[in-house]
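The values are calculated or read from the model by the stated rules, or taken from the named source; none is laboratory data. Just so we're clear, the structure is a prediction, and the values are computed from it rather than from any experiment. All Cβ positions, even for glycine, are placed from backbone atoms using ideal geometry, and neighbour counts span all protein chains on display.
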Ligand code: FES
Ligand code: FES
């Protein structure tokens, strides 16, 4: 694993006869620096403008690209390697990518919102292009030739006479410790060698051969194993426990208690597990019933006080008087990230400095939170990202990091590995918030939508750390930190209102966001945030309106959409699916269609699906799905396809099966029995993803684009198969059956 | 002290007989592939092969393994010399986060060893126990089919894994 | 004294009478075919009720092969006399019942005669179905005739001589087929009576739970006393019930509705299909069944009730610490390592495994069901919150499972030890072709655990 790095701007190496400063940390700590004056360079270069925060070239020619984003299984590490290699004109293999580490990389906040390509990918691309230019300029000086006469290739600048100067030889002094220019001379996409081609992901070989690929696989020398004993429910207070018997258990090193925070440490992992089980049995808690009624969640949510904002309004009084108006309410329950590997962290408290290895999505914010909890300055905490199991948003990673840090501080010098149990992950992770949407729209005499009203009730969609209060351990200690006041996430990205504003053109439209500050259940960011439910609602409703207008769903959408790229995505998906107006599915089956542009400014995604519904049992099964995606310039097409396939399958699981359950005191969905998800017997026969490449266009990201359209397209297919419209997620077997029977 | 045979090697293991194999593999033998997912026999991420059969190592205590042969993903092949199933998963790029993949591969390997040409239905039924949260299922299915084909053409004996072919990068689908 | 001639005449007359009687018993006319009625010709409410009734009758369990078309038949039903294959009851005109009139259907239900007039083997439980009312038969008919027709010719039964002679069935019926075995009991509530009507009729609970005689008929004198079926033991559901906690109507209702009950355990084996079907029907029907069956269980003795209450009070507080070995160290370790993490976690199903002191399987007369469950585990229900248990067929030997079962029996039930548990496990492994999660090797097998 990564040892501590002590780089600073004076760590100079002699090489190639030149003085080389390979990397400066000043850029990495750019959160302390004020941003340079406008115009800003693109992507994350705007916040972290020094080129050497992004790229380093050693005297021996070794190339390292740095990103503050974390690899979460989305494969972007490979994509970054492609980008850097492309713009530097070097082979793919010659670049090494270093990801989020507060001592090495830029502060890029969270790895979220499908923003990695847009922010960090763009930064790496532009930094690489500018570095290449600097190298060429340097070579021109040395060779005394005009810049235009030089070419690059294979990690060297090449003169017309064949003379080559390797990048390593050219690097001198603090050559890259310069601020990025607002504009870079990027390569012509037509000449791409590495980008836009399917490159096997660099992380996969280790993952399929048992290499140390995950934080769960970290083993530091002298490391001990810890387990927490979580309270049985939110707000439970620890009355006491009898420690004597547990302390005597084999291997037990220490019981750590701080208020309601309780953990046990043992030499071997299974000893820690056994001790945790015994400690959990011994601990007595005072519980309070404070959870809302699960069977009337929509009523509970809409009944809570809310801050109401009209986030969009469009009015055209000249639009024809409505011929028909329909209304509908859609709901979504709390849903879990449900990572397959429970959260894990390793921490070590050494010489008053804390090092934490975590699969967090944000090393810097996490560092701030942990430092605050430990009441030490942020500079004495180092956070290093190590890959974990897929997280799909803000899961237990940051909490586990805080747990580990708290435990490690009680055992100075000793590396502590902490892993959650399955039940803890399911009960304590912050869930994707429950939501309610109410839609109302009118059709004019021509069957066009003349008026569109969209209201959404939701909590915030991010309670990520930054402060200590967002972390369980900090909430549970004797001198606790209160969770920070929730805030709605600002548009244009939005949180609960993400994708609430229609992408279609309607003469009259109004969108209201009812932001609910009170959070009965612990919630935070789950892949796609509010867009999942908002797209599900809007695209289900579009089908209802199409039906009312007697129009074909695809045609109806196109009729209301001006956006050229959106239309292309819809047409591509329809054509690849074999969608034909008025076509009937085989008996027992239905076809569904849905479309969205994620956040209204990121990737476009249209999905057509075929679903079979067993009328006897109500069981719905996705048979096939066809997606068309426009994510701008494609970097790694196979990686993009992989992401969209995954989004469709995961969204299908959310949409058909998943809801967090609870009684008045405890979360009751605590494992895979009580929180069922997709298993292999319901996996579709076929999923096809068609990419619409846009050479030279900005990267739009892709990780979250599929969730909403997949949900709506499945719901629409179920409606087409059964003639019944289901508006409450999840669309369970029982709900479908009840609808058929009704 | 008990002797445990893992990937063809005998190990002296000093753990209580009720210790689940998973912890012995990870903690004592420092093997990475078998993963803790639930510890309850509900997810399959801890799957290994014992005497040819796919077994959930989180609910298989040490005392059941006297005289048995345990195979983990590490025992099939390596990064340098991947076994057919490993090659297949690389060639199909059948992973997102990859956390579930080792368990999937072990169960699939056990299936392929007793049925080299499983139907899609059979693969699905076999993998029913194993969960994947990233939605990599379509690729996993393809990879298992591919592994079946590779095992028939290549030297199928899992322990050797002496496949020497051109760079994997060249053979993307 | 009669003359030999007279005797001869008498004999002749008697013989003719017997023959006529025999023909009267054996021979049944065919009922004319009809043109398959259009599905739309049936009233939708009637079809819907028919669907509920078909679920109560558990029709799909015998008439639908896993992975094949609904109701297309071909499911093997093993009997001591050989294997009988279920028939295609889809409205396919050639191979199904598409050309059957309602009268033909009703006759089959009431008398076990097919449209052609052939006697049906009593694997088709017309000894119960004979109680089904005309109205309900009409609904069932409407439901089946509106299914998707499936072309699936009947499979040849594999019966040895003389059981392959259908005429024998006539004699069997003479002995065992009683019409109207269900009578309204005016002393009882309407719910009880509806339950009795369903249990004794369409739901045919006795088919599995009542022991059978040498000729394969239910022993009328010991109703619901428990029997072996499909390599499982169908528990006694009368006052002989082995359940550690006595059943009551509420518990039965929940169990039949959901497939598990936190104080009793999970429905497995052939019962799994029954509860899956019952989860689909109106609650009132299931309530009625539960009410009647609670009466069949009878009120528990004071002692049984006390013990049950005691077990419930202790349940959930089981120590996760190493259990006492009780002279079976191997069994104790196996329990600690493989069972306790779920079954002693202090959480009732489906949040955890059932407290094993409440497990009926461990208090059953033999180890058969417990062995089946340990071998095969409990498969998850796609998309439903439902218990999951890993199977141990691939990690434990017969001896190890036997050691475990012996330990569990000693530790968690108050009954005497089982005998030859290793033999039971060996047999269970052999016959339990469905090992989790593989589909049955022989796809004609019913969907077992
Ligand atoms: S970790 Fe073993 S089945 Fe989940
Ligand atoms: S690839 Fe992430 S869980 Fe399967």
Being within 15 Å of the chain's Cα centre (by Cα) and more than 16 Å from ligand 1 (Cβ to nearest atom) is the filter here; which residues of region A:337-384 pass it?
A:337, A:359, A:360, A:361, A:362, A:363
Using the structure shown, decide if residue C:308 is over 14 Å from residue C:404 (Cα atoms), at pLDDT 75 or above and within 9 Å of another protein chain (Cβ to nearest Cβ).
no
Got a sec? Which of B:28, B:51, B:16 is surrounded by fewer than 23 Cβ atoms within 10 Å (Cβ to Cβ), out of contact with any helix residue (DSSP H, G or I) (no Cβ under 6 Å at 6 or more places or on another chain) and more than 11 Å from chain C (Cβ to nearest Cβ)?
B:28
Out of C:272, C:234, C:288, sole residue that is closer than 16 Å to residue C:365 by Cβ and buried (at least 18 other Cβ atoms within 10 Å of the Cβ):
C:234
Of the conditions (1) at pLDDT below 90; (2) under 22 Å from residue C:277 (Cα atoms); (3) under 21 Å from the mean Cα position of the chain (by Cα), residue C:81 clears all except one; give me its number.
(2)
All but one of (1) at the interface with another protein chain (Cβ under 9 Å from one of its Cβ atoms); (2) modelled with pLDDT of 95 or more hold for residue A:681, so report the exception by its number.
(2)
Please tell me if residue B:43 is within 12 Å of chain A (Cβ to nearest Cβ) and under 27 Å from residue C:403 (Cβ atoms).
no
Give just the number: which of (1) buried (at least 24 other Cβ atoms within 10 Å of the Cβ); (2) more than 16 Å from ligand 2 (Cβ to nearest atom); (3) at the interface with another protein chain (Cβ under 7 Å from one of its Cβ atoms) does residue B:78 not satisfy?
(1)
Which condition number does residue B:36 fail, the rest of (1) in contact (Cβ under 8 Å) with a residue 24 or more places away in the chain; (2) crowded, with 24+ Cβ neighbours inside 10 Å; (3) in a loop (DSSP other than H, G, I, E, B) being met?
(1)
So for region B:41-58 (the condition being over 16 Å from the mean Cα position of the chain (by Cα) and away from ligand 1 (no atom under 16 Å from the Cβ)), does at least one residue qualify?
no
Only one residue in A:635, A:611, A:660, A:629 is modelled with pLDDT under 95, surrounded by 24 or more Cβ atoms within 10 Å (Cβ to Cβ) and touching a helix residue (DSSP H, G or I) at 6+ places or on another chain (Cβ under 9 Å), so which one is that?
A:635
Within region A:457-490, residues being touching a strand residue (DSSP E or B) at 6+ places or on another chain (Cβ under 6 Å) and crowded, with 17+ Cβ neighbours inside 10 Å number 7
How do the strands (runs of 3 or more DSSP E) wholly within region A:68-174 filter down when requiring 1 or more residues that are modelled with pLDDT of 90 or more, within 35 Å of the chain's Cα centre (by Cα) and buried (at least 24 other Cβ atoms within 10 Å of the Cβ): which remain?
A:95-98
Which residue out of A:602, A:551 is more than 16 Å from ligand 2 (Cβ to nearest atom), under 26 Å from residue A:122 (Cβ atoms) and touching a residue at least 40 places away in the same chain (Cβ under 8 Å)?
A:602
Quick one: would you say residue B:102 is away from chain A (no Cβ under 12 Å), within 16 Å of ligand 1 (Cβ to nearest atom) and under 16 Å from the mean Cα position of the chain (by Cα)?
no
Going by the structure shown, is residue C:107 more than 24 Å from residue C:160 (Cβ to Cβ) and touching a strand residue (DSSP E or B) at 6+ places or on another chain (Cβ under 8 Å)?
yes
Within region B:22-39, residues within 12 Å of residue B:102 (Cβ to Cβ) and within 15 Å of ligand 2 (Cβ to nearest atom) come out as B:33, B:34, B:35, B:36, B:37
Of everything in region A:315-338, what is assigned to a strand (DSSP E or B) and farther than 30 Å from residue A:661 by Cβ? Give them in sequence order.
A:324, A:325, A:326
Qualifying residues in region C:60-72 (those that are under 11 Å from residue C:273 (Cα atoms) and touching a helix residue (DSSP H, G or I) at 6+ places or on another chain (Cβ under 8 Å)) - the one surrounded by the fewest Cβ atoms within 10 Å (Cβ to Cβ):
C:61
Show me the strands (runs of 3 or more DSSP E) found entirely inside region A:209-302 where at least 2 residues are more than 35 Å from the chain's Cα centre (by Cα) and touching a residue at least 24 places away in the same chain (Cβ under 8 Å).
A:237-240, A:252-258, A:284-286
Which condition from (1) without any contact (Cβ under 8 Å) to a residue 60 or more places away in the chain; (2) within 22 Å of residue C:291 (Cα to Cα); (3) assigned to a loop (DSSP other than H, G, I, E, B) is the one that residue C:252 breaks?
(3)
